[in-house]
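Participant: Sharing a structure with you now.
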Amino acid sequence: MTLKGLYNVYLVLASFSSVHAATVNTPKVIERDVIIIGGGAAGSHTAFRLQQDYNKSIVLIKKGSILGGHGDTYLDTSTTPSTPREYGVQVYFPYLDGLDFISRFNLTLLPGLDPRGSTTTRNIDFSTGLELPSNYTSPDPSRITSAIIRFHNLMVSQGWDKMIEPGFWNLPPGPQIPADLLLPIGEFAKKWNVTEALPRIPAWMKVLYGEVGMYHIQGGNQLLYEAIYARLGAAENVLLNSLVSSVRRPENADDKRDIEVTIKTTTLSSTTRNTTTTIIRARNLLLANPPTRENLAPFDLDSLESHLFSRAEYGRYGTAIVSSPVLPRGYELHNTPILAAIDPNKPFINEPHVLEFASYGNDSDLFSIGTSGSGLAYGEFDERAATKVAQKSLERMVDAGTVKVPDGKEGGGDKKLKVVEYLDHGPGGFGVSAEEMKAGWMEKVYGLQGKRGTWYTGNAIAIDFSTQL
Ligand SMILES: Cc1cc2nc3c(=O)[nH]c(=O)nc-3n(C[C@H](O)[C@H](O)[C@H](O)COP(=O)(O)OP(=O)(O)OC[C@H]3O[C@@H](n4cnc5c(N)ncnc54)[C@H](O)[C@@H]3O)c2cc1C
């Protein structure tokens, strides 16, 4: 189990035990050059480089109990030796000097994905629990690859790749953004005959057709983030389980006051849940967490900041490690809507759903799942809602006879999905409409960089891969 898992178990136990809340009222005051909010790939990397390579004093604020954001690793102790099971970030792509950063921690990068046992894919419509007809054939991989190559060549020949990678600072001003880049992705794909590439474009295209390789960290992603945590100075410079409660920033360039951020940190002992307050003063503040309305609520946003960030749209998604006696070892059960039997490129699911139950192989009871809160507002799709959707999908498959309750295990309880560990990936698809982009949303957001001592980074405003970030 990961440190995060242990902490979560402790939180649950604490809520049922005699642990009671206590608040320490004397705030600690600290001063730093830079305050960094968000300890995912972007925040952890920036904190490390500022401190180690630019000699800046930093403090990194992290909502959860470990660094790493999307890159959590579950340590499966049911095997000997224990097996790291990735259920967020899987691989790192060589992009500029991105991989060199990982090598600074004496970690070993191995080619390809972290190996899982071999699996067989079954296509099941999770809304009915029924398997697709036996004459259903998945899209031909070679056609997908050719579509990806066409897509990539198009981006390069038009110069569009340079506008979006690794960040969006090379996009032309709003009105001059190529109209094609603002089309809904389905229309774009149809226009340029690349529709077959769509299911795979969340991955980096160059990797998909083999121009560049991909690597995983031997022993798991968490080794990287544990090493960063230790080298940053652990609790001295990284405040885990901490949330911003209020922020005061200079009003304008003439206002020479420091930024002041008040943080509430929750710590647990065997008998008490303590909330401590830290006031941090600094010249610069870096937002490396997604600039959602929820995250920005404690900030003293001015009218331009409020206007820009209120325009963003986003949903929420998560991944988890789960098990159930009903789930067949060695299988990947893909959520494939029945419409795919007519057109494999057609189905987009616009309601909360599970993407797949993917076995870690014949020697494991564990499965990874991806969950999407598609169609729901951000706050409506938390771990509880995601688990409910996954449980329902499982029950439908049992009721339809697509998966079987093992012999001697009838009685209902065995249909229950056990969530071993859940990772909230926060906002998915953070972005704005084509109209907002034409009106210059992205350039105005980049124009905020450095104003009021505040800087922005992360996947909300740059390409969404770890090494590029
Ligand atoms: C399931 C999944 C698989 C992926 N696989 C890959 C892959 O194989 N290869 C790859 O290159 N990329 C992959 N990605 C994309 C990659 O994970 C992201 O591009 C990258 O991690 C984003 O880093 P970030 O620092 O911008 O954001 P995040 O990693 O989301 O970091 C933001 C951090 O801010 C914290 N936070 C949020 N709100 C607050 C708050 N109010 N206060 C304090 N902290 C807060 C969060 O807890 C989080 O730690 C994957 C993403 C997902 C979701």
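The values are calculated or read from the model by the stated rules, or taken from the named source; none is laboratory data. These numbers were taken from a predicted model, which means no experiment stands behind them. Reconstructed Cβ throughout: ideal geometry from the backbone, glycine too, with neighbour counts over all protein chains shown. Keep in mind that these areas ignore ligands, DNA and RNA; they rest on the heavy atoms of the full protein, side chains included. Shrake-Rupley method; radii C 1.70, N 1.55, O 1.52, S 1.80 Å.
Participant: Out of curiosity, is THR265 in contact with a Pro (Cβ under 9 Å, 6 or more places away or on another chain), buried (at least 16 other Cβ atoms within 10 Å of the Cβ) and farther than 16 Å from ASP33 by Cβ?
Facilitator: no
Participant: With the requirement that a residue be open to solvent by 20 Å² or more (accessible area, probe 1.4 Å), in contact with a helix residue (DSSP H, G or I) (Cβ under 6 Å, 6 or more places away or on another chain) and away from the ligand (no atom under 14 Å from the Cβ), what does the range 445-463 give you?
Facilitator: none
Participant: Let me ask something else. Show the residue pairs meeting these rules: Cβ distance below 7 Å; 6+ apart or different chains; first residue within the range 294-306 and over 13 Å from ARG249 (Cα atoms); second residue near the ligand (Cβ under 10 Å from one of its atoms).
Facilitator: Final answer for the pair search is ASN295/ASN289.
Participant: Let me ask another. If you go through the range 84-94, how many residues are over 16 Å from VAL212 (Cα atoms) and either open to solvent by 40 Å² or more (accessible area, probe 1.4 Å) or not in a strand (DSSP E or B) (or both)?
Facilitator: 3
Participant: Working only within the range 284-331, note down all residues that are basic (Lys, Arg) and farther than 30 Å from SER364 by Cβ.
Facilitator: If the condition is that a residue be basic (Lys, Arg) and farther than 30 Å from SER364 by Cβ, then ARG293, ARG311 are the ones that fit.
Participant: Another question, if that's okay. Quick check on my filter: what residues within the range 47-74 are within 9 Å of the ligand (Cβ to nearest atom) and β-branched (Val, Ile, Thr)?
Facilitator: ILE61, ILE66
Participant: List every residue pair whose Cβ atoms sit under 9 Å apart, with the two residues 6 or more apart in sequence or on different chains, where the first one lies in the range 86-98 and is near the ligand (Cβ under 7 Å from one of its atoms) and the second, anywhere, is at pLDDT below 95 and acidic (Asp, Glu).
Facilitator: From residues that are near the ligand (Cβ under 7 Å from one of its atoms), the pairs are GLY88/ASP72; VAL89/ASP72; GLN90/ASP114; VAL91/ASP114.
Participant: For the range 154-181, which residues satisfy the criterion of being under 19 Å from MET205 (Cα atoms), open to solvent by 30 Å² or more (accessible area, probe 1.4 Å) and not in a loop (DSSP other than H, G, I, E, B)?
Facilitator: Within the range 154-181, VAL156, SER157, GLN158, ASP161, LYS162, MET163, ILE164, LEU181 qualify.
Participant: Select from the range 412-444 the residues that are on the phi > 0 side of the Ramachandran plot and open to solvent by 40 Å² or more (accessible area, probe 1.4 Å) and write down the one among them that is modelled with the highest pLDDT.
Facilitator: GLY429
Participant: Going residue by residue through the range 111-118, is there one that turns out to be at pLDDT 95 or above and either of a type outside the set (A, V, I, L, M, F, W, C) or surrounded by fewer than 16 Cβ atoms within 10 Å (Cβ to Cβ) (or both)?
Facilitator: The answer is yes, given that some residue of the range 111-118 is at pLDDT 95 or above and either of a type outside the set (A, V, I, L, M, F, W, C) or surrounded by fewer than 16 Cβ atoms within 10 Å (Cβ to Cβ) (or both).
Participant: If you don't mind, another one. Here is a list of conditions, (1) out of contact with any Phe, Trp or Tyr (no Cβ under 8 Å at 6 or more places or on another chain); (2) in a strand (DSSP E or B), and LEU286 meets all of them except one; can you say which number that is?
Facilitator: Only one criterion is unmet by LEU286, namely (1).
Participant: Let me ask something else. Yes or no: SER78 hydroxyl-bearing (Ser, Thr, Tyr), within 11 Å of the ligand (Cβ to nearest atom) and in contact (Cβ under 8 Å) with a residue 12 or more places away in the chain?
Facilitator: No, not satisfied.
Participant: Go through the range 392-404 and count every residue that is assigned to a helix (DSSP H, G or I), open to solvent by 30 Å² or more (accessible area, probe 1.4 Å) and closer than 13 Å to LEU327 by Cβ.
Facilitator: The number of residues fulfilling the criteria is 1.
Participant: A further question follows. Go through the residues of the range 323-343 one by one and say whether even a single one is closer than 22 Å to GLU294 by Cβ and either more than 18 Å from the chain's Cα centre (by Cα) or in a strand (DSSP E or B) (or both).
Facilitator: The answer is no; no qualifying residue exists.
Participant: Take the conditions open to solvent by 20 Å² or more (accessible area, probe 1.4 Å) and within 16 Å of the ligand (Cβ to nearest atom) and apply them to ARG311. Does it pass?
Facilitator: Answer is no for this residue.
Participant: Filter the range 95-122 for residues that are assigned to a strand (DSSP E or B) and among the polar types (S, T, N, Q) and give the result.
Facilitator: Once the filter is applied, which keeps residues that are assigned to a strand (DSSP E or B) and among the polar types (S, T, N, Q), the range 95-122 yields THR120, THR121.
Participant: How about the range 355-367: which of its residues are of a type outside the set (A, V, I, L, M) and open to solvent by less than 10 Å² (accessible area, probe 1.4 Å)?
Facilitator: Once the filter is applied, which keeps residues that are of a type outside the set (A, V, I, L, M) and open to solvent by less than 10 Å² (accessible area, probe 1.4 Å), the range 355-367 yields PHE357, SER359, TYR360, GLY361, SER364, PHE367.
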